[in-house]
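A quick write-up on the structure given underneath.
The values are calculated or read from the model by the stated rules, or taken from the named source; none is laboratory data. A quick note: this is a predicted structure, and the numbers were derived from the prediction, not measured. Virtual Cβ from ideal backbone geometry, glycine too; neighbours counted across all protein chains shown. Quick note on the areas: whole protein, heavy atoms, side chains included, nothing else; ligands and nucleic acids left out. Shrake-Rupley method; radii C 1.70, N 1.55, O 1.52, S 1.80 Å.
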Amino acid sequence: MTESLRRNGEYEHAQENPYGNPYQGAQQHASSPVNPEWPPPPAQPPAAPHAGFAADGQPEQPLRRRRARRGPVALLAAVAIVAAAIGGGTAYGIQELAGGDTVASATSTNVVPSSQKGTVAGVAKAVSPSIVEISATSNAGSSTGSGVIITDDGEIITNNHVVSGASSVKVKTSDGKQYTAEVVGTDSRKDLALIKLENASGLKAASLGDSDAVGVGDQVVAIGSPEGLTGTVTSGIVSALDRDVTVSTDEGQQQQQQGQGGGQWPFEFGGQEFNGDTGSSTTTYKAIQTDASLNPGNSGGALIDMNGNIIGINSAMYSATEASASAGSVGLGFAIPVNTVKADLPDLRAGASN
């Protein structure tokens, strides 16, 4: 029974007085007459700690209740129960306690290793493989822009003005590989385009976040190929939301700007025109404003939150000098919200051309 757990001398007192145990009264009471008004006892009373006798005739020690173990295992079990009750948001806490490198939440995925979470270096390392450089050639000349890989077989989101009217599109990934791409669909009203690489597989797709969850003051990182400098990383904050940015929808106008090189494009902001005449055909969209440095060639690149999720597609920059194709960033850039991109994807994949 429990003899293997005994120590020498443990039951000496019980041997001197085998009936002097705390349960003796209860045993005597059990043999007394039963009051007929009480409910009859069960046929087999529930087991309770008591003093019995071992096989050698010695009284047994009353059973002792084991103390509950308290520590990390018990804590994780408690957290797991709470997570099951209230849903996916608690997964963050469980993974942190367990030491996982990636953390899931209700609205976004943390693709940055936990050891580098919240750092520009961590975001750059995690997301740069999903950003490409795009070279487009048309009758008007050539231009350089950027793009974001959204599927492992080579679907890439970029700006419409980067590939509009292009007769040839070449793409270079972060590891230096060169691909030929075809334009699948365009939407000049939102300045978006979808291109597809030929014979591509195993690419690292970016994680698309939730631009509705972005707030003014949030830290962000921009990655692109300004002036053909592949994989350039800049950082800043979201400085405003829902800015009205007006861009040209005229293909001829865009080709003229592409011919100037550097991935320039015309747009209007605050009633003024920048980087040239926007022409007579324009469209206006709500943009995320950022002070992360954007320069010619960042068009179509990624604006990224500190968890490594894409929250916008960089599309326009404020230029201090009007009609200047070479002016650099002065800390006012604009990105198309990623939720706009996600809503437009089905039409782009269906071959939209507008």
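List of remarks:
- Virtual paramagnetic centre 7 Å along Cα→Cβ of residue 349, amide N under 20 Å, in the stretch 133-172: 147-160
- Accessible surface, per residue, of the stretch 134-210 when the full set of protein chains is kept, probe 1.4 Å, Å²: 38
- Subset of 125/190; 286/342; 170/342; 125/170 violating a 20 Å alpha-carbon distance limit: 125/190; 170/342; 125/170
- Note, ³J(HN,Hα) from phi for the stretch 181-192, Karplus 6.51, -1.76, 1.60, rounded to Hz, x at Gly and Pro: 10, 10, 7, 8, x, 9, 9, 5, 5, 10, 6, 10
- Gyration tensor (alpha-carbon) shape descriptor, the stretch 172-254, a/c threshold 1.5: oblate
- Scanning residues 5 or more positions from residue 293 or on other chains, those with amide H under 5 Å from its amide H are 235, with H placed 1.01 Å from N in the peptide plane.
- 5 angstrom amide H check on residue 220, placed H, neighbours 5+ away: 236, 237, 238
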